[in-house]
Each structure stands twice: as C-alpha cells, then as structure tokens.
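What follows is calculated from the coordinates using simple rules that are stated; it is not laboratory data. From a predicted model like this one, the values you see are computed outputs, not experimental measurements. With ideal geometry, Cβ positions are generated from the backbone for all residues, glycine too; neighbour counts draw on all protein chains shown.
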Ligand SMILES: NC(=O)c1ccc[n+]([C@@H]2O[C@H](COP(=O)([O-])OP(=O)(O)OC[C@H]3O[C@@H](n4cnc5c(N)ncnc54)[C@H](OP(=O)(O)O)[C@@H]3O)[C@@H](O)[C@H]2O)c1
C-alpha cells in the first residue's frame, strides 16, 4: 500500500457505543501537510473530516478550488466540496488538526483550545511550552498526563494542545528510543539530508535546489537539538524533565521530493555489540494499546541489511510512511555506533504523526463528540 492510500480499517475501540465517527477539522488544510491529513482521513475508521480551514486566500472557495493538490491519488470525494473556512474557532467538528504556517499557528491554536477544541498540531509554536505534550506515541505516551495541568494553567475547559515534533526529529527519536531503553544514551551526532517537501509549498526555489545541496535550514538544527530532550525526558507530574542528552545536528536540504535521510553516530552508556544494537532496533515493538491504533505499526523500525539502504526513493513509503528505516549499522570510531535512517517527513514527520497522536488521544478518552458546533456541552463520552 502506498502512503497516499487510505489506511486499513480497524474496529475502533473509541467508537464503541457511539453513533458516529469523531468529527475532525483541519486548519491549514490546503498546504502540503494539510493535504496529507485530508488524504489520510479519507475512510478513517474513527475520524470523519467535516471542516477545512486556511487563509483568506482560500476561504470561501471549495477545497478542490483552493488546494493546489500535490498527491498522486485524487482529492478524497468527502473533501472536494467542503467550503474552506477561516480561522474562527466555531467549526463544526469535535477536534482540529493544525497544519498552519507557523506565522499564524501559535495564536490560532490557543484560540481553538480556549474555545473547547482539542488541537493536534504539527506546527513548531507550542512544542517547547512547559505544559504542552510533544508526543510520539511509541516514545512518550505518558506525557499526555500533562493535559489536565495545561487545562488548569490556561483556564481551558475541554480544549488543549498536543504537538508532534519537527519532521527530522520524529525519525531520529523513534530510532534513539530503543537504544536509550536498552543501553542508555550519552550523546548523538546527526547530519541530515532533508527533502524539499519539508519546506512546504512553494518551498525552496527550484534554482536554489536543483542539482545542489543547501547546507542551512532556518531553525532546524536548534529544533533537532532541543526537541529530543523533551521527547526522551519525563513528565514528573508538574513539569517536563529533559533527557540531558548531548546532541549536535547539521541540517542540509537536498533535491529529494519526500523523505529525510539522517546519518547518526551515538554514544551509549552500556557497551553493546552491533548485533545487539540491530536486535534492539528490530525488536522494538509497541504495546497492545498502541498496536490497536489504526495508524500504528507493531514494529515501527525496519532494519535493512543491504549496504546501500535506506534510500528515499525506494524506502520512503515503508510501513505506509510510518516506519523509520535503518541501515548501515556499524562501529563509529568517534562515538560507539553509527547508522543511517530514513523517515517520511510528511507522514511519520507530520500528517501521519498527528493522526497517530489523535488516535491515542481518542483511545484514552480525550476526544469527545460535541453536541453543537459552537456548544460546549458534550455528547456521551468516548469509551476508553
Ligand atoms: N512540510 C513538512 O515536512 C512539515 C513537517 C512537520 C511540520 N511541519 C509544519 O506544519 C505546518 C504546515 O507546513 P506545510 O509544509 O504544510 O506548509 P504550507 O504548504 O506552506 O501550508 C501552510 C498552510 O497554512 C495556511 N496559512 C498560511 N498563512 C495563513 C494565514 N495567515 N491564515 C490562515 N492560514 C494560513 C495555508 O493556507 P493557504 O493555502 O490559504 O495559504 C496553508 O494551508 C508548518 O507549521 C510546518 O512547520 C511541516
């Protein structure tokens, strides 16, 4: 199955005893990430797309008119005729995904959360807020315990904000997690080769990137050096405690359409053989709760043995785009182990990541059906 096809149907626990699917809105639905979300929501077993919102350039048009569609599969039928709304927090949905440009995401996400909408965000604005979970379900599902504190701190009622990490951080941390669990992590050094779709649309000018490499992505190295600390750290009941990992990142834009490749060296706390490292990665398996989520993979890391893999063109859609594909596990003369990893920046690093976050929120009873578009009264709670 390609990453652009609908995900498989699952009998969804969150829908037990409910009449209808949970209604989702997508803020920034016309952008590159928003389009992926719209595509992944088609035929989703738990969620139904009922609202799309974007800028004034798009609002008032149908989604088919407003979106400059980039995917191979056509616009899902359920989305084509939806009228694009603005960012007024009065949408007819139970929660929203945010794939908004960061120039507007910060304030808009707060307004939606204040108006009672759970906000499942891709944008960078709230990732490092001290009361906002930065979530990769396979890594730090326990960080969702921060939501009640966030609601109390901010005076939110049913609303809250949960974010997913930056696209290059997502693959890196998924791979670091089993190594941290098995051997402990001291430091990591990473060089990225990042796809142009990571810059949104129109993104990097073709004259800058065609036949070229741009060794600078604004803010990316800072995000890669800070977000893993929160993701691999702990929520102690009142605050997030960083992992205290030594991290250095070099980020480069390369002329690849989709898929971020990362060359990583890691220093481990415990001595491990290369076979033990490969096994720890290969055997990384999610628990039963996560395995029941429609977008989850039971084994989210794929280890390849071929010496010239992973490659973006061949491997980017592995696991419907939700896998981190690892290859070239070998000794590092400076640290302990080095490897190459690949993840789909728009799926594992963005739309698929936030969809998985929403599924975990639904499974834990955080997404509830609203009775009326602007009402705060809720229908029967989603069963856990
Ligand atoms: N691309 C990736 O790989 C990736 C990965 C992880 C996270 N992210 C983050 O996800 C978000 C979306 O990224 P993208 O790549 O999809 O960007 P994009 O293609 O540029 O799309 C941006 C979206 O934001 C909307 N927007 C822009 N200005 C607005 C305004 N003033 N009011 C309301 N809506 C506005 C656009 O609507 P119009 O079409 O109407 O202009 C569009 O829907 C960003 O915050 C980005 O940092 C991206």
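Structure data summary
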| quantity | calculated |
| --- | --- |
| Mean Cβ count within 10 Å, highest first, over the residues of peptides 268-274, 145-151, 287-293 | 145-151, 287-293, 268-274 |
| Degrees separating the helix 167-183 axis from the principal Cα axis of the chain, which is the longest one | 60 |
| Between helix 102-114 and the chain: long-axis angle, C-alpha atoms, 0 to 90°, nearest 10 | 50 |
| The chain: antiparallel DSSP beta bridges as a percent of all, rounded to 5 | 45 |
| Segment 20-130: Cα Rg divided by the 2.2 N^0.38 Å rule of thumb | 0.98 |
| Cα Rg over Rh - segment 114-166, Kirkwood | 0.94 |
| Potential extension, residue 208-residue 287 segment - 0.36 nm per residue separation minus Cα distance | 24.0 nm |
| Segment 167-343: relative contact order as a whole-number percent, Cα under 8 Å and 6+ apart | 27 |
| Distance from segment 303-325 to segment 92-155 (C-alpha centre basis), Å | 30 |
| MRE, 222 nm, helices only [DSSP H, n ≥ 4, -39500 (n - 2.57), over the chain, to nearest 500] | -7500 deg cm²/dmol |
| Inter-part distance where segment 179-230 and segment 53-80 are each reduced to a Cα centre, Å | 28 |
| Per residue convex hull volume, Cα atoms of the chain, in Å³ | 128 |
| Relative contact order (%) - criterion: Cα under 8 Å, at least six apart; region: the chain | 18 |
| Rel. contact order, % - alpha carbon contacts under 8 angstrom, at least six apart, segment 187-281 | 49 |
| Extension gain (nm, one decimal) between residue 216 and residue 145, 0.36 nm per residue minus Cα-Cα | 22.0 nm |
| Shape category assigned to segment 167-343 from the gyration tensor of Cα positions, a/c cut at 1.5 | rounded |
| Ranked packing of 328-338, 359-369, most packed first, by mean Cβ within 10 Å | 359-369, 328-338 |
| Label-point separation in nm, residue 111 to residue 241, each point 7 Å along Cα→Cβ | 3.9 |
| Cα shape, segment 80-205, gyration tensor, a/c 1.5 rule | oblate |
